[in-house]
Amino acid sequence: MKISYNWMKSFLQAELPLEEQLELLTDLGLEVEGNIPFESIKGSLEGVVVGEVISCEQHPNADRLRVTQVNLGGEEPVQIVCGAPNVAAQQKVAVATVGTTLYDGDGNPWQIKKSKIRGEVSMGMICAEDELGLSESHDGIMVLDSALEPGTPCRELFAVEKDTTIEIGLTPNRADAMSHFGVARDLKAGCIQRGIPFAWKTPNTNGFKIDNTSRPIDVVVEASELCPQYSGLTISNIEVKPSPTWLQNKLKAIGLSPINNVVDITNFVLHELGQPLHAFDADQITGKIVVKQLPNQTEFTTLDGVERKLYADDLMICDEEKPLCIAGVFGGKDAGVSASTKNIFLESAYFDAVSIRKTAKRHGLNTGASFRYERGIDPEMREFALKRAAELIKEIAGGKITSEIVNVTQPLQEKASLFLKFKQISSTIGQDIHKDELITILNALEIEIINVTEEGFSMKIPRYRVDVTRPADVIEEILRIYGYNKVESDNQMKTFYPDFSLKTPLKFEQKIAHQLVGMGFYEVINNSITTPAYSKLSEQLSQVEGVNLLNPLGKELSEMRKSLVFSLLEVVAFNNNRQQRDLKLYEFGKVYAKKQGGFAENKKLGLILTGKLSPERWNSENKTADFFHLKGITEALLGQFGAGNTMITEGKSDLFSTSIAYGIGEVTLVEFGNLNASILKNFGIDQPVFYAEFDFDSLYNNTFIKEVKVEPIPKFPSSRRDFALLLDKEIAFEDLQQKARSIEKKILKKVDLFDVYEGKNLPEGKKSYGVSFLFSDENKTLTDKNIDKVMQKLKKAFEQEFNAQLR
């Protein structure tokens, strides 16, 4: 945000050098990021003086040149060669003396030097208006008032203004400082606290008066929740023309280009007081002003000539027939002030901050008005700013105020009431501040102290401080004015021991990440914004209502992702295209969807496995990633964190051609399997890809459930027995394992599948499983008799339950 030092001085004149004022602003939280000199005329006309042309003769060697003798106020006149057709004796002119630096139209400097022009000495230059930067006119030299004294500096004639433009890095919460008045008010509080003498002056509207009521325009506010305060009046018979020099200089100093006197005044008041205003051409208004919302996709052309399609949520300023302005954001082309405007309707309003922000973002507009409305303006400044602007328009553009001020307003919200304890102030700041000094600071901040007790203050916060809503905010304000640099450091060494817990979401995520990295995985981080086209690759995902961006950069980045898989496949495709085909990737990220009454945001963990499992070596077998390798990784993660008694079920997602899921009760922890070839083809991937997606929140909530049991290493040897079973194809190993554990729970320690065979020499619809059983007893050595007894039970159960046959 740019602030003019001279403009700020119109409010506050502090007995403090500029450099120290800038330091004080930074200490107060309005960080000064830089300051640059400003000149209303480049070079400030240094070295340019009034000259009197004593004589003007034809140049002996050039038909279009004249040789003049010019009195510059010195003892002797100087000779200057001039090519202007209108130069003549007895004229008073502006002369750039030798050594003067002038600037061309692009701001590039060039210096006046003593020279010879066609054999005649020239000791300066008689200037035209454009050569001095006063205008773009080059019709000839500039002829001045004949009463001027030769040698008078021209900077005194043209009111050259020198200023300093201050660049402030304004934080979003400081809506109260979005004007020269707001910055000066903060600086005043700093001066009060530090005992710096100052003079304070604010504009008044004592001269405001209504000339007549010949042209009233009624106002109807239909959307009162979005526009709780609206004021307006009409000014008739104005003359739209360029603004006076002082007003143009004020706007140029903060980087604004003057437009015309009416628009410049609304911009001036905006940056002076922080209250946005808008001027309509009253002759373009049909009937009354109506503040309302219009149907979705209504077409509207803004001041920049762009035709926009409105949203149903956009707040509009309309008349009885058409829209005139996007409220608080941008004016309309047809009702704007132009050179032919004679009558205006001047608006000053308070709009809902959230509504304005959404509208501005939807249309990609960022204006001075929307910037302030979005952050929250002072609701009590509305009518004062309207009167201030109306007086300036009458003074500069002429005309008369031809209506009463129309106010359509809701009652203002009560000022925020807070109670702040002295103990809370001391414990937060780390030292005591005397009660009297606290009162001085609060008064300087215009915070109304209602009552002071032994315990603390009760107070009311000004309405313009929309960011101060809690006692902590008041403490921040106190410390800001008191001075962070005045807080004393403590020489004591203090150590803080945070609460320690193994089970926190962050530590849980870190443990998973460490385990995956140990398994050879690499972490990737993808954009949560993606294309809605990906949802069409899955019928199930396409039925989930997505979360769309209001102001997307493009269609390809317009929707929040519903699954991690597509982002990870983009990474796989990117690597495949660069000859990197062996990948182990993981990503922690969130997926998004709309739900009834709001939005759903869930954290997921995605794993991708594709290509070879290990680098190619002469002495090792190059195994390719498969379903069962991913299954082992998944089970290792679940087992590492004691994820309860998980159950295996058939996967349901249509992302996979084959998949299974692990869950606890009705909660699915993870689903994994082979991704569909049709999805891989969409990304140009020509190799199998195996994917697992964990529900991170459910996994976290169901970890560390199993009790950790520590058992000594068995003293007695274990024994192994194997079965070669002929089974129906639909029988799963999980079924055999569960049945075996239900039959023998004491000495049967482990059931593993070590061989699977289907094909030649087996009956149709059958498969062969090689199953191993490991037996052990903590108290004795098992005999063949003990183990054979159990094996017989297992054989009988498998035959009866699964129609199994021993091979």
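Scanning the stretch 145-160 for residues that are at positive phi and touching a strand residue (DSSP E or B) at 6+ places or on another chain (Cβ under 6 Å) yields one hit, 151.
Got at least one residue in the stretch 545-564 being in a helix (DSSP H, G or I) and of a type outside the set (A, V, I, L, M)?
Yes, that holds for at least one residue.
Please pick out the residue among 780, 767, 746, 760 that is surrounded by fewer than 12 Cβ atoms within 10 Å (Cβ to Cβ) and over 18 Å from residue 715 (Cα atoms). Steps first, please.
Working: 780 fails: over 18 Å from residue 715 (Cα atoms); 767 fails: surrounded by fewer than 12 Cβ atoms within 10 Å (Cβ to Cβ); 746 fails: over 18 Å from residue 715 (Cα atoms).
Of the residues listed, the single one that is surrounded by fewer than 12 Cβ atoms within 10 Å (Cβ to Cβ) and over 18 Å from residue 715 (Cα atoms) is 760.
Residue pairs whose Cβ atoms lie under 9 Å apart, separated by 6 or more positions or on different chains, with the first residue in the stretch 371-383 and over 16 Å from residue 405 (Cα atoms) and the second assigned to a loop (DSSP other than H, G, I, E, B) and among the acidic types (Asp, Glu), are 373/352; 375/467; 376/467. Exactly one residue out of 179, 137 is in contact with a helix residue (DSSP H, G or I) (Cβ under 6 Å, 6 or more places away or on another chain) and modelled with pLDDT under 90, and it is 137.
Among residues of the stretch 752-774 that are part of a strand (DSSP E or B), those with a beta-carbon under 6 Å from a residue that is of a type in the set (Lys, Arg) at least six positions away or on a different chain give the pairs 767/729; 772/720; 773/721; 774/720; 774/749; 774/750. Among the residues in the stretch 337-347, are any part of a helix (DSSP H, G or I), open to solvent by less than 30 Å² (accessible area, probe 1.4 Å) and in contact (Cβ under 8 Å) with a residue 24 or more places away in the chain? There is no residue in the stretch 337-347 that is part of a helix (DSSP H, G or I), open to solvent by less than 30 Å² (accessible area, probe 1.4 Å) and in contact (Cβ under 8 Å) with a residue 24 or more places away in the chain.
Kindly indicate the residue of the stretch 48-78 that is surrounded by fewer than 15 Cβ atoms within 10 Å (Cβ to Cβ) and among the polar types (S, T, N, Q) and also nearest to residue 132 (Cα to Cα) among those meeting that condition. Applying the filter and picking the extreme gives 55. Taking each residue of the stretch 464-488 that is over 27 Å from residue 380 (Cβ atoms) and of a type outside the set (D, E, K, R) and looking for partners that are part of a loop (DSSP other than H, G, I, E, B) and open to solvent by less than 10 Å² (accessible area, probe 1.4 Å) with beta-carbon atoms closer than 7 Å, six or more apart or interchain, yields nothing. Set side by side, the residues 621, 601, 616 differ, and just one is modelled with pLDDT of 80 or more and either open to solvent by 80 Å² or more (accessible area, probe 1.4 Å) or in a helix (DSSP H, G or I) (or both), which is 601.
Going through (1) more than 30 Å from residue 35 (Cα to Cα); (2) surrounded by fewer than 20 Cβ atoms within 10 Å (Cβ to Cβ); (3) among the polar types (S, T, N, Q) one by one, residue 171 falls short only on (1). If you go through the stretch 79-105 and keep only what is in a loop (DSSP other than H, G, I, E, B), open to solvent by 20 Å² or more (accessible area, probe 1.4 Å) and either in contact with a helix residue (DSSP H, G or I) (Cβ under 6 Å, 6 or more places away or on another chain) or within 24 Å of residue 133 (Cβ to Cβ) (or both), you end up with 83, 85, 86, 91, 97, 98, 99, 104, 105.
Kindly establish whether residue 654 is open to solvent by 40 Å² or more (accessible area, probe 1.4 Å), of a type outside the set (Phe, Trp, Tyr) and closer than 24 Å to residue 533 by Cβ. Yes, satisfied.
Filtering the stretch 208-233 to residues that are farther than 12 Å from residue 405 by Cβ, in a loop (DSSP other than H, G, I, E, B) and hydrophobic (A, V, I, L, M, F, W, C) leaves 223, 226, 227.
Conditions tested, residue by residue: (1) at pLDDT below 95; (2) farther than 30 Å from residue 38 by Cα; (3) surrounded by fewer than 19 Cβ atoms within 10 Å (Cβ to Cβ).
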{"site": "210", "(1), (2), (3)": "no, yes, yes"}
{"site": "221", "(1), (2), (3)": "no, yes, no"}
{"site": "224", "(1), (2), (3)": "yes, yes, yes"}
{"site": "233", "(1), (2), (3)": "no, yes, no"}
{"site": "238", "(1), (2), (3)": "no, yes, no"}
{"site": "242", "(1), (2), (3)": "yes, no, yes"}
{"site": "245", "(1), (2), (3)": "yes, no, yes"}
{"site": "262", "(1), (2), (3)": "no, no, no"}
{"site": "266", "(1), (2), (3)": "no, no, no"}
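Of everything in the stretch 9-43 that is open to solvent by 20 Å² or more (accessible area, probe 1.4 Å) and assigned to a loop (DSSP other than H, G, I, E, B), the residue that is nearest to residue 177 (Cα to Cα) is 29.
The residues of the stretch 535-557 that are hydroxyl-bearing (Ser, Thr, Tyr) and open to solvent by less than 40 Å² (accessible area, probe 1.4 Å), listed by number, are 535, 538. Looking at the stretch 113-142 only, could you name the residues that are of a type outside the set (Gly, Ala, Ser), under 19 Å from residue 73 (Cα atoms) and touching a residue at least 24 places away in the same chain (Cβ under 8 Å)? Across the stretch 113-142, the qualifying residues are 123, 125, 126, 127, 142.
The values are calculated or read from the model by the stated rules, or taken from the named source; none is laboratory data. Predicted model only: the values in this text are computed from it and were never measured. A quick note on method: Cβ atoms are made from the backbone with ideal geometry, for glycine too, and the neighbour counts reach across all protein chains shown. Heads up: the accessible areas ignore ligands, DNA and RNA and are worked out on the full protein's heavy atoms, side chains in. Shrake-Rupley method; radii C 1.70, N 1.55, O 1.52, S 1.80 Å.
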